[in-house]
Amino acid sequence: SVLLEMVLGVMAAVILNQRFVGRGLARALILIPWALPEVVAGLVWSWMLSGSFGPINGLLQQLGLVDNYIPWLAYPMSAVCIIILVNVWRSAPVVAVLVLAGLQAIPVEVLESATVDGASTPVKFVRVTLPLLKPVLVMTGILQMIWSFKTFDLIYTMTKGGPGGATRLLSYFVYHESFQNLNFGGGAAVSFILLMIIFCVSAINVRMRLSYDSE
């Protein structure tokens, strides 16, 4: 999920950094998926992917890609893939905005010097832009990892950890053990493990930020 968010977010940021008609509107609209509450996003996507009346199944059937409606969330592999894609749909806009801010902070003179030296656009992006964006990309990636560990609402509204526990992340496992199995001790233990994981990732984030600030 984080890998897809970073790739799509960088691509969107590069596009939004160009001059075109309606750029301001596009920058505002891209944040809509992130602005939606996770519960609302989960319910909407569950309805769209419904195996009984979902519009996505209807579209695929009209295009001749499927013969019958498919219960996408009823199969382990497809359920995991859909959860990942919905999470990417929600989180990639944040990456795009953060990377866009990094792109706009790059001095124009640096890119112009690379152009004068004969560097093509792909070469400038790989040799100049990406190295200058490294601090932003690293910090954004770590933040996305932390937020991905805390994903709960999408799981609860779309799959409730199913089918067969295929989408039962640690965050949902804590809820399941504590409030459904009433195993408060087990839920607390897993919560502590999740806390330690997020703490370690956060510590790496702070340490790397301090190292970049010192440079």
In segment 37-70, how many residues are assigned to a loop (DSSP other than H, G, I, E, B) and surrounded by fewer than 15 Cβ atoms within 10 Å (Cβ to Cβ)? 10
Checked 16, 8 against criteria (surrounded by 13 or more Cβ atoms within 10 Å (Cβ to Cβ), touching a Lys or Arg at 6+ places or on another chain (Cβ under 7 Å), modelled with pLDDT of 90 or more and more than 28 Å from residue 165 (Cα to Cα)); the one match is 16
Examine segment 119-133 for a residue that is in a loop (DSSP other than H, G, I, E, B) and either closer than 23 Å to residue 50 by Cα or more than 22 Å from the chain's Cα centre (by Cα) (or both), and state whether such a residue exists. yes
Would you check which residues across segment 71-81 are assigned to a helix (DSSP H, G or I) and open to solvent by 20 Å² or more (accessible area, probe 1.4 Å) and list them? 72, 73, 74, 76, 77, 78, 80, 81
So which pairs qualify, if the first residue must be in segment 146-171 and on the phi > 0 side of the Ramachandran plot, the second must be open to solvent by less than 20 Å² (accessible area, probe 1.4 Å) and hydrophobic (A, V, I, L, M, F, W, C), the Cβ gap must be under 7 Å, and the two must be at least 6 apart or on different chains? 161/155
Being without any contact (Cβ under 8 Å) to a residue 40 or more places away in the chain, touching a helix residue (DSSP H, G or I) at 6+ places or on another chain (Cβ under 6 Å) and open to solvent by less than 80 Å² (accessible area, probe 1.4 Å) is the filter here; which residues of segment 174-196 pass it? 174, 177, 178, 183, 186, 187, 190, 191
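The values are calculated or read from the model by the stated rules, or taken from the named source; none is laboratory data. Note that the structure is predicted; figures quoted are calculated from it, not measured. Glycine gets a Cβ as well: all are built from the backbone with ideal geometry, and neighbour counts include every protein chain shown. Side chains are part of the model used for accessible areas, which takes the heavy atoms of the whole protein and leaves out ligands, DNA and RNA. Shrake-Rupley method; radii C 1.70, N 1.55, O 1.52, S 1.80 Å.
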